[in-house]
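What follows is a single structure, written as structure tokens, with notes after it.
We did not get these values from a lab; they are worked out from the coordinates using the rules stated. The model shown is predicted, which means the values in this text are computed figures rather than measured ones.
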Amino acid sequence: MQHAPKQHFTAAAVDAMATKLDLGQWTEAEKIALTCRMLAMEGHSETLAGQITVRSTDGTYLSTPMAVGFDEVDTRHIIRVDDSLRVVEGDGMANPAVRFHLWVYRRRPDVQCIVHTHPPCVSALSMTGRPLRIAHMDATPFADDCAFLAEWPGLPIADHEGDIISTALGTRRTILLAHHGFLAASSSIEETAYLSMLIERAARNQLLAEATGEIKELDPALARESHDFLLLPSVVKSSFAMFARRVVRQMGVGGL
């Protein structure tokens, strides 16, 4: 029996996903709040460390505020800041670490949303001095798309650290920050949230595998093929919607 080419099945799946998936309907502020809650469920908010920002067309940024945990953020907490981190809308204080987000936005006009946190497994991997390795299908969204900053530049609240981190990120969507955490930067809230969920799981799987023996990485060409499929907008948005529904079920009455 002759096998149909993989492109045939990929195209059929893409066509079906365009009309048959529940992608949800949320405002930007609701997407930020949902992202906070879904990341909190994965352990991304154990301390005050962590920020989410979204670029607006008027040169301002929606942002999570200082000293509000991801597990308690709802739409009323979200603030708007300018490029000097002055709060221009909402109550609360801008997180000083948002300054290094601004460096990424200046260098990457394609980036519309940034997430930075210190989740447990990413943090543990970051302490080893080793980059993220692509050795499982679920890690392929990071294939040739996860930079590595091998040295900690210090507390990231000044321009020096922002320059270093944004330079190391380059054109990639994510970066593992040694002795620190990670940053995800992409063209949408959904994609940045999706990558932020996946990177903690990829780090966890890598640590578990390394504890049992030598890791065998995936063929780069096959990993890139999987990367491209798993980052299709329909896959990204439906994944975000799935994670969001879990959050909504957990929150119950009251919502965002």
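Observations, loosely collected:
- Taking the chain as a Gaussian network of alpha-carbon nodes connected by springs under 10 Å, the highest mean-square fluctuation of the residues His136, His180, His101 belongs to His136.
- Part-to-part distance (alpha-carbon centres) for the range 97-173 and the range 24-79, which is given in Å: 18 Å
- Mean residue ellipticity (222 nm) of the chain, computed from DSSP H runs ≥ 4 via -39,500 (n - 2.57), nearest 500: -14000 deg cm²/dmol
- Mean separation of Cα contacts under 8 Å (6+ apart) over length of the range 1-153, as relative contact order %: 19 percent
- Evaluating 6.51 cos²θ - 1.76 cosθ + 1.60 at θ = phi - 60° for every residue in the range 80-96, the Karplus couplings come out as 10, 10, 9, 7, 10, 6, 7, 6, 10, 7, x, 10, x, 10, 5, 6, x Hz, glycine and proline recorded as x.
- Per residue, the average separation of C-alpha pairs within less than 8 Å and at least 6 apart gives the chain a relative contact order of 22 percent.
- Along the range 119-127 the Karplus relation, 6.51 cos²θ - 1.76 cosθ + 1.60 evaluated at θ = phi - 60°, assigns HN-Hα couplings of x, x, 6, 4, 4, 5, 4, 5, 7 Hz to successive residues, with x for each Gly and Pro.
- Restricting the calculation to alpha carbons of the range 167-256 gives Rg and Dmax of 15.7, 48 angstrom.
- The mean of 1/r over all pairs of different alpha-carbon atoms in the chain, once inverted, gives a Kirkwood hydrodynamic radius of 18.8 Å.
- Straight-distance candidates among the lysines for linking to Lys31, with alpha-carbon spacing under 16 Å and chain neighbours fewer than 8 residues away dropped: Lys237.
- Per-residue HN-Hα couplings for the range 108-117 [Karplus 6.51, -1.76, 1.60; θ = phi - 60°; Hz; x = Gly/Pro]: 10, x, 6, 7, 10, 8, 10, 10, 9, 9
- Gyration tensor (alpha-carbon) shape descriptor, the range 182-228, a/c threshold 1.5: oblate
- Principal semi-axes in Å for the range 71-201 [√(5λ), Cα gyration tensor, largest first]: 24, 17, 14
- Once the convex hull of all Cα atoms in the range 1-121 is built, its volume per residue stands at 171 Å³.
- Using distinct alpha-carbon pairs, which all enter the 1/r mean, Kirkwood radius of the range 50-117 in Å: 11.9 Å
- Antiparallel DSSP beta bridges within the chain, percent to nearest 5: 85 percent
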